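Before any comments, here is the structure.
The values are calculated or read from the model by the stated rules, or taken from the named source; none is laboratory data. These numbers come from a predicted model, not from an experiment. Ideal geometry is used to build each Cβ from the backbone, glycine not excepted, and the neighbour counts take in all protein chains shown.
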Amino acid sequence: MTEAPKHATLQTGIPVYAIGFSNDMHIFYVGGGGAGRSGVSNAIRGDNALTLHPAGEFKLRGDEDAPMCVTVSPSSDALVVGINSAADIVRGGENRHLRVDLHVDIRERSALASLGMADPEQYQKTLQLHRYPSLEPVWSSTQDTFTSDEEIYDTDFSQDGTQLACTTQSKVVVLSTSPRTKEKGGVLTYTPRILQTIDSATIGTSERGAFRMAKFGRTKTMDVGTRDMLFTLVNTAPSKDAKARPSYIVAWNADKWQITAIRKVSQRPATVLTVSPDGRFVAPRGAFAEWPCAYARYVQYND
């Protein structure tokens, strides 16, 4: 009997910046060469995850930016994609960068100007929260969004949807998805409510680090699993006498906000961290040959 392949290779033809899976076993990926005449198209593509046969494609206009992130709805046939509009539209403050596409045949259903900014660089430092599927903003206006003085690397919702972790280089800010209500002149406004800030990425007493990503734990059973945990991915700065930049997973109790475990990932920086849907495993990834997988509860590696 022929042994089933342990992995398969998919030729994408474009640089890929984000990937998502749907419940009907399709893989969706987004990316491209960016705005301009690079010759590399910007696209949203879908393939059958079992056969790798193409399922659909949506190509963007040449003056639009490459898609940089995608989320697949677990309960509908929608993809939510982040794509900057053409540069002149961005400068006019009408960047319709929040796109909703139907993943059945990958066609655009709606586009929304979420932030209303004219500075493209500021988009990487600003976050607005929307209700789904209405896409109504949770926070009152562009002035009431969550804004950082650093680029926001990553965001992740807790399993129950009540918290949102936002990662920058120097800190992880955990927000409530229920806004803070203020009244001024008889008018109610809704602003971000900060629950917790983790502002130290130092490993031990000496290894100064920087955050790269933060992911909440998960569970698929009645047990707690790891849904009461937050896993941060930390890359340390190189020391004077060494070229190595070790990376670590740091596990936090998300109720008491105490560190419960620290596990070294590699001697090189890591860029991505994912948690399995059942919350049992965490897997970091970077430009290193090995792909470690750890038991999430104790961050103990499965050899």
key: So LYS256, is it over 22 Å from the mean Cα position of the chain (by Cα), at pLDDT 85 or above, under 23 Å from THR155 (Cα atoms) and not β-branched (Val, Ile, Thr)   = yes
query = If you take the residues of the stretch 181-194 that are within 24 Å of TYR153 (Cα to Cα) and not hydroxyl-bearing (Ser, Thr, Tyr), which of them is surrounded by the fewest Cβ atoms within 10 Å (Cβ to Cβ)?
reply = ILE194
query = Would you say GLN159 is at pLDDT 75 or above, in contact with a helix residue (DSSP H, G or I) (Cβ under 8 Å, 6 or more places away or on another chain) and at negative phi?
reply = no
inquiry  = Looking only at the stretch 50-72, how many residues end up being surrounded by 17 or more Cβ atoms within 10 Å (Cβ to Cβ), assigned to a loop (DSSP other than H, G, I, E, B) and not acidic (Asp, Glu)?
reply    = 4
inquiry  = Any residue at all in the stretch 144-152 that's more than 19 Å from the chain's Cα centre (by Cα) and under 29 Å from GLU94 (Cβ atoms)?
reply    = yes
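Each row is one residue, and each column tells you yes or no for (1) touching an Asp or Glu at 6+ places or on another chain (Cβ under 9 Å); (2) closer than 25 Å to GLN196 by Cα; (3) among the polar types (S, T, N, Q).
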residue	(1), (2), (3)
LYS215	yes, yes, no
LYS220	yes, no, no
ASP228	yes, yes, no
THR232	no, yes, yes
ILE249	no, yes, no
ALA254	yes, yes, no
GLN258	no, yes, yes
ALA261	no, yes, no
PRO269	no, no, no
inquiry  = Let me confirm something: among ARG193, ARG227, which residue is without any contact (Cβ under 8 Å) to a residue 24 or more places away in the chain, in contact with a Lys or Arg (Cβ under 9 Å, 6 or more places away or on another chain) and more than 18 Å from GLU150 (Cα to Cα)?
reply    = ARG193
ask   = Here are ASP278, ASP303, ASP241, ASP223: which of them is charged (D, E, K, R), within 19 Å of the chain's Cα centre (by Cα) and modelled with pLDDT under 85?
value = ASP278
ask   = Would you say GLY92 is at pLDDT 70 or above and over 21 Å from GLY32 (Cα atoms)?
value = yes
